[in-house]
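The values are calculated or read from the model by the stated rules, or taken from the named source; none is laboratory data. None of these values were measured; they are calculated from a predicted model. Please note: Cβ atoms are built from the backbone with ideal geometry, for glycine as well, and neighbour counts cover all protein chains shown. Heads up: the accessible areas ignore ligands, DNA and RNA and are worked out on the full protein's heavy atoms, side chains in. Shrake-Rupley method; radii C 1.70, N 1.55, O 1.52, S 1.80 Å.
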Amino acid sequence: RMTDLATNRVVEAFDEADVSHQRKLATSGVRRFFGRASLEGPLVAVLEGIQWCDLPSLEILTALAKQADPSPILVLLVARPDERIAPLLEGMVHIELKGLHTEHQLRLVQAHLGANKGVAEVCADLLPRAGGNPFFLLEMVDTLLERGALDLRENEHHEQVLLRVGHAPEALAPLPSTLEQLIADRLNELPLPERTIIEWLAVAGAPLSLSDLRALSEIEIEEHVARLCARGLCDAREEFVEVRHPLSRDVAYLALERGERARMHNAFAQHLSQTPLASGLSAALIARHFARGGNREAAGESYLRAAMAARKSYQLDIATRFLRRVIAVLPAGDPRTVDALEVLESNCRIQGRPRDRRRHLNALRTLALGSGKPGWVALALARSARLDLDEGRLSQGLQIAQQAEQMARLANAPHLEVEAQRLVTEMLRELGDTQGALSACDRALETAAHHFPSPSLTAEMLRARGMLLLRVGRVNEAISAHAEAIGVFHLTGRKRLESRAKNSLAVAMFVMGHYSDAIALALEAVRIDVAIGGRFQIGRTLSIIGQSYARLGDYDRAENYLWRARDAHQRYGDHDGRADTLLASAELSLARGELDRAETLTNESLGLSSTTGSAYDAVHEKLLRALLALARGRPSAAVMHAFDARQVAEVQAYVSFHFYAMAIEAVARVELGEQHTGILLATTALGALETLQGSEYGLETRALCCDALARAGSPQAATLKRRASVYAKQLLEQITDVDLRSKFASRPPVALLLEREPATRSGH
């Protein structure tokens, strides 16, 4: 990796995680370089002019400087005051550099000229004007030498003596009062070929090779470059030439007439376009010169090329910066602005910036509406539907996604058609139309297979299908689908999608009762999200971790993760996932006996689920109402809520919710004195559970049913409880952590089935 950096080669990354990995490698490489150098003896590393440094390099340097390594290394960072770098230098020892003292100024001139005598006498009137500025002082001395007002001569002792000489008008002309004026006068006095070289270096703003200078200036430059280096205006290193001081470059650039400056920028950009710099991130350099030359079309094309290269290597912040410049330089209505807006909207979604996301989406909609092009309209509709899905407007989003599917088919854009079908799948699933969602999923797979077979796209649809299968109780099939999707995403380097698939598999493990596995998978998904900078989905992953700890009986840790999940949902605008997390938080409060808080959280979720129209969240909310009614001693209300939940869950094929509702209703019926109805509901639910591949509430449903049968005096109570206890023992044996085993065994449902004393008597 260090070789790649030294040769200025941009390494392509698969995703943001790879970018983070490359950054860590670079940091480690620089650290080891300094560490090995310090083994030979104390090391002093001086980096001058770091205000010109790029941000990634600054981050690496300051991170290394702040590390407390036991190595004999002194790091000196020299910089001008700059707001951009001030936060990075915070906490370091600051030494403000003052002007040079008289003695030091004289020694500087002596070293610069190699003079032994006469420096103090000649510079007596120059030192006050320099004000301790070493560059100003040397520029005045060099200017007087070039005018012939000063001269170096050798005396009889073979010593170099600095003398005042010359009576020509230019030698006696007064020196300017400012450093900028002095530099400008000195540049104006240069011969035309030398001034031309300085101007091209000023326009480039960076070192240029001799071949580049020869092609741009159309003159033989070797002799002129040698003279500029002798004058102290330029430095030549191997094949490259650079203006020695940035201020000289700035003065030369500002002295150019505006039209000439634009012409030179365009010529320089055209020259660079014929080099390897025209591809990759370096295309932004060419774009900047085209923009300064007034060629907006060429600038926009080059910025877009650089942005796509940044996107390909998953450097989202860099891509966003270049895309904004694309929109700024291209004329309104240019087709390339559609590509820029599309990527900007996606970047903002990934990074959890809802306000910027809506702004870019609105611009995309306006552009598509004004164009009348079906492909643009289909894209705007698909992105609008995705925003509605993320913000929980499911019914509205479904209509827009269906319109996007039709428009994409009309525009013959199969990739947009598949995207719209995937959105339809997810929204129908949340709205409770499982069969419709499966049909949309099959259509997407068929479209993809017919037009452009893609392993990643197929895996994404497998993940969506797995979520559907999980809802209807086909857990083993769902696990297989998620595992296959993870394998494809891992092989193709699609880290963001791999994270989502691991989160989906964690949910499946949770439903199976493998809580420790669910936590491990979800933590791996969080690690990937943190590495790639993906924030939008992280709330859902934190939520499943919290729910898993709640089922294990570690309520404090569960509350911590659920709080973080609620905060992530709120911060990044994930309203659809927030309703589910609120209901999970209400379940935790109910388990801890905090009934008022549980009811508050349930009421808050009701507002969201009524807005989103999610059938799944609506059934979940009814179940919590029933449990709250049971806990408050209102069995009639519990029967009403549980019956409503059971009816809806049966229609939507939510098998886990269906049998959980039956168990809650069974307990409430027994409390009302309806023993026969309670026994029938409890035995039916227990029998059905044994036919399922897995159930989200398998433990709770069994405990409630056994409790109802025991209260009703059913002769089957003991037999069914023994069978249910086998399930509880299986869950207990899967937990390897001793502390978590103890907490799980102390949960009331587990204690009831295993006939142990619960730690607390709270909730259900």
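Observations
- No other residue among THR677, THR691, THR684, THR701 is modelled with pLDDT of 90 or more, among the hydroxyl-bearing types (Ser, Thr, Tyr) and under 24 Å from ALA518 (Cβ atoms) apart from THR701.
- The set of residues in the range 669-703 that are of a type in the set (Gly, Ala, Ser) and either in contact with a Phe, Trp or Tyr (Cβ under 7 Å, 6 or more places away or on another chain) or assigned to a loop (DSSP other than H, G, I, E, B) (or both) comprises GLY673, ALA685, ALA688, GLY694, SER695, GLY698.
- Residue within the range 672-683 that is touching a helix residue (DSSP H, G or I) at 6+ places or on another chain (Cβ under 7 Å), without any contact (Cβ under 8 Å) to a residue 24 or more places away in the chain and open to solvent by 40 Å² or more (accessible area, probe 1.4 Å) present: yes
- Taking the range 415-435 as the range and being surrounded by 22 or more Cβ atoms within 10 Å (Cβ to Cβ), more than 22 Å from VAL651 (Cβ to Cβ) and not hydrophobic (A, V, I, L, M, F, W, C) as the test, the residues that pass are GLU417, GLU419, GLN421, ARG422.
- Residues satisfying the stated conditions in the range 636-647, i.e. within 25 Å of LEU595 (Cα to Cα), open to solvent by 20 Å² or more (accessible area, probe 1.4 Å) and not acidic (Asp, Glu): SER636, ALA637, MET640, HIS641, PHE643, ARG646
- Exclusive hit being small (Gly, Ala, Ser), at pLDDT 80 or above and within 28 Å of LEU47 (Cα to Cα), set ALA111, ALA68: ALA111
- Any chance GLU180 is part of a helix (DSSP H, G or I) and free of Cβ contacts under 8 Å to residues at least 12 places away in the same chain: no
- The range 400-414, residues that are open to solvent by 80 Å² or more (accessible area, probe 1.4 Å) and within 19 Å of HIS450 (Cα to Cα): GLN406, ARG409, LEU410, ASN412
- Some residue of the range 201-209 being assigned to a helix (DSSP H, G or I), touching a residue at least 60 places away in the same chain (Cβ under 8 Å) and surrounded by 13 or more Cβ atoms within 10 Å (Cβ to Cβ): yes
- Close pairs (9 angstrom Cβ cut-off, 6 or more residues apart or separate chains): basic (Lys, Arg) in the range 235-256, part of a loop (DSSP other than H, G, I, E, B) anywhere: ARG237/PRO207; ARG244/GLY232; ARG244/LEU233; ARG249/GLY205
- All positions within the range 652-671 that are β-branched (Val, Ile, Thr), surrounded by 24 or more Cβ atoms within 10 Å (Cβ to Cβ) and more than 13 Å from CYS705 (Cα to Cα): none
- Of all the residues in the range 647-673, those that are acidic (Asp, Glu) and under 45 Å from the mean Cα position of the chain (by Cα) number 1.
- Set side by side, the residues HIS265, HIS271, HIS245 differ, and just one is open to solvent by 40 Å² or more (accessible area, probe 1.4 Å), modelled with pLDDT of 90 or more and under 42 Å from the mean Cα position of the chain (by Cα), which is HIS271.
- Flag for ALA449 being in contact with a Lys or Arg (Cβ under 8 Å, 6 or more places away or on another chain), over 29 Å from ALA518 (Cα atoms) and open to solvent by 20 Å² or more (accessible area, probe 1.4 Å): no
- Single condition VAL329 does not satisfy, out of (1) closer than 30 Å to HIS569 by Cβ; (2) open to solvent by 10 Å² or more (accessible area, probe 1.4 Å); (3) touching a Gly at 6+ places or on another chain (Cβ under 6 Å): (1)
- Of all residues in the range 326-341 being closer than 18 Å to GLY375 by Cβ and not in a loop (DSSP other than H, G, I, E, B), the one that is farthest from the chain's Cα centre (by Cα): PRO335
- Residue within the range 303-314 that is outside any helix (DSSP H, G or I), farther than 21 Å from HIS415 by Cα, open to solvent by less than 40 Å² (accessible area, probe 1.4 Å) and of a type in the set (Ser, Thr, Tyr) present: yes
- In the range 730-755, the qualifying residues are those that are among the charged types (D, E, K, R) and surrounded by fewer than 14 Cβ atoms within 10 Å (Cβ to Cβ), and the one that is modelled with the lowest pLDDT is GLU755.
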